[in-house]
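First comes the structure, then the notes that go with it.
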Amino acid sequence: MRTSRILIILATVLGLTTAGFVPSAQAAVSWTQSEARGPNHTSRVVLSYDDCPKTLTSFTKVMKHAKKKNIGLVIAPTGGCLQKYRKKYDVDLAKLARSYGQYVINHSVNHRKDMKTLSCAAVARELRAPGVVTNYGRPPYGRIDDSVRCGYRKVGMKPWLWTRGTYDTTGKTKAQVVSSVAKIATKGGTILMHMQWNGFNPDAISKMKAKLADRGLKVCRAYRGKDNKGSVITSPVKLPSKLPC
């Protein structure tokens with residue numbers, strides 16, 4: 001019986017890897033390909049950033065740059081982060097990001113180390129205000145199981161994790177993060193990074209886009225409506241089931 005289970009797990013991992021999905025060791029968990037890719041059904045690469053920016057100025061610069069270059073980033077701030085910036089600057093980071101055509105998802109209120117230790121109801125509480133109230137979210141550290149999924153369903157939200165992680169939180173330089181993204185990205189993949197580290201700045205993002213283009217990969221575009229035509233506009237609070245990347 002044990003041998004059979006091992007073979008099934010290996011077959012599953014092989015199948016996901018063949019499809020371009022490689023679970024990151026940045027989270028010792030397993031999830032489905034649809035959970036890793038979220039609503040991106042295109043071949044474009046999604047650059048995503050978790051947690052909280054260092055400053056309002058740095059955050060705004062990235063948002064303006066992304067809109068100008070027609071890049072659609074996925075921003076996943078915690079509820080604690082949103083509270084911090086509301087209190088200090090009277091600014092809603094989620095609303096600000098959307099105004100530049102960027103995609104904002106939930107990342108819990110308190111960024112607990114392992115939501116798998118919580119009940120379904122407790123997980124649901126972590127996904128409500130003051131966190132981002134929307135229809136997609138990313139559990140901290142990618143920790144997910146059936147109880148966590150239950151919490152997401154309870155609040156009408158779907159998990160969106162990532163296909164590959166950059167390990168930017170280990171202190172990688174900007175050049176190292178850019179190099180990592182260029183190396184690990186796959187068609188339709190979602191790359192995990194963090195707003196307080198060295199991949200979250202206009203220069204790094206421009207270089208990521210250029211290096212991915214050298215590999216024949218394009219990045220997700222900013223929101224221009226469901227038909228993806230015209231100029232960049234404010235993105236919706238609830239993301240489309242098929243993101244117009």
Condition check for Thr173: under 16 Å from the mean Cα position of the chain (by Cα) and over 17 Å from Val104 (Cβ atoms): no
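Each row is one residue, and each column tells you yes or no for (1) out of contact with any Pro (no Cβ under 6 Å at 6 or more places or on another chain); (2) touching a residue at least 24 places away in the same chain (Cβ under 8 Å); (3) assigned to a strand (DSSP E or B); (4) under 20 Å from Val62 (Cβ atoms).
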{"residue": "Ala94", "(1), (2), (3), (4)": "yes, yes, no, yes"}
{"residue": "Lys116", "(1), (2), (3), (4)": "yes, yes, no, no"}
{"residue": "Ala129", "(1), (2), (3), (4)": "yes, yes, no, no"}
{"residue": "Val133", "(1), (2), (3), (4)": "yes, yes, no, no"}
{"residue": "Cys150", "(1), (2), (3), (4)": "yes, yes, no, no"}
{"residue": "Arg153", "(1), (2), (3), (4)": "yes, no, no, no"}
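Among what's in the stretch 166-185 and is part of a loop (DSSP other than H, G, I, E, B) and either acidic (Asp, Glu) or out of contact with any strand residue (DSSP E or B) (no Cβ under 7 Å at 6 or more places or on another chain) (or both), pick the residue that is nearest to Val46 (Cα to Cα). Walk me through how you get there before you give the answer.
Quick first cut of the stretch 166-185, residues part of a loop (DSSP other than H, G, I, E, B) only: 166-167, 171-173, 185.
After this cut, where a residue has to be either acidic (Asp, Glu) or out of contact with any strand residue (DSSP E or B) (no Cβ under 7 Å at 6 or more places or on another chain) (or both) as well, the list is 167, 171-173.
Values: Tyr167: 16, Gly171: 22, Lys172: 20, Thr173: 21 Å.
Of everything passing the filter in the stretch 166-185, Tyr167 is nearest to Val46 (Cα to Cα).
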Residues (of a type in the set (Ser, Thr, Tyr) and either in a loop (DSSP other than H, G, I, E, B) or modelled with pLDDT under 95 (or both)) located in the stretch 203-230: Tyr223
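Based on this model, can you work out whether Ala76 counts as in a helix (DSSP H, G or I), crowded, with 24+ Cβ neighbours inside 10 Å and under 18 Å from the mean Cα position of the chain (by Cα)? Spell out the reasoning first.
Numbers: in a helix (DSSP H, G or I): no; crowded, with 24+ Cβ neighbours inside 10 Å: yes; under 18 Å from the mean Cα position of the chain (by Cα): yes.
Considered against the rule, which asks whether it is in a helix (DSSP H, G or I), crowded, with 24+ Cβ neighbours inside 10 Å and under 18 Å from the mean Cα position of the chain (by Cα), Ala76 comes out as no.
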Checking Gln83 against (1) open to solvent by 40 Å² or more (accessible area, probe 1.4 Å); (2) in contact (Cβ under 8 Å) with a residue 60 or more places away in the chain, the condition it does not meet: (2)
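The values are calculated or read from the model by the stated rules, or taken from the named source; none is laboratory data. Everything numeric in this text was worked out from a predicted model, so none of it was measured. Because the Cβ atoms are built from the backbone with ideal geometry, glycine has one as well, and the counts that use them run over all protein chains shown. Remember, those area values only see protein heavy atoms, side chains included, never the ligands or the DNA or RNA. Shrake-Rupley method; radii C 1.70, N 1.55, O 1.52, S 1.80 Å.
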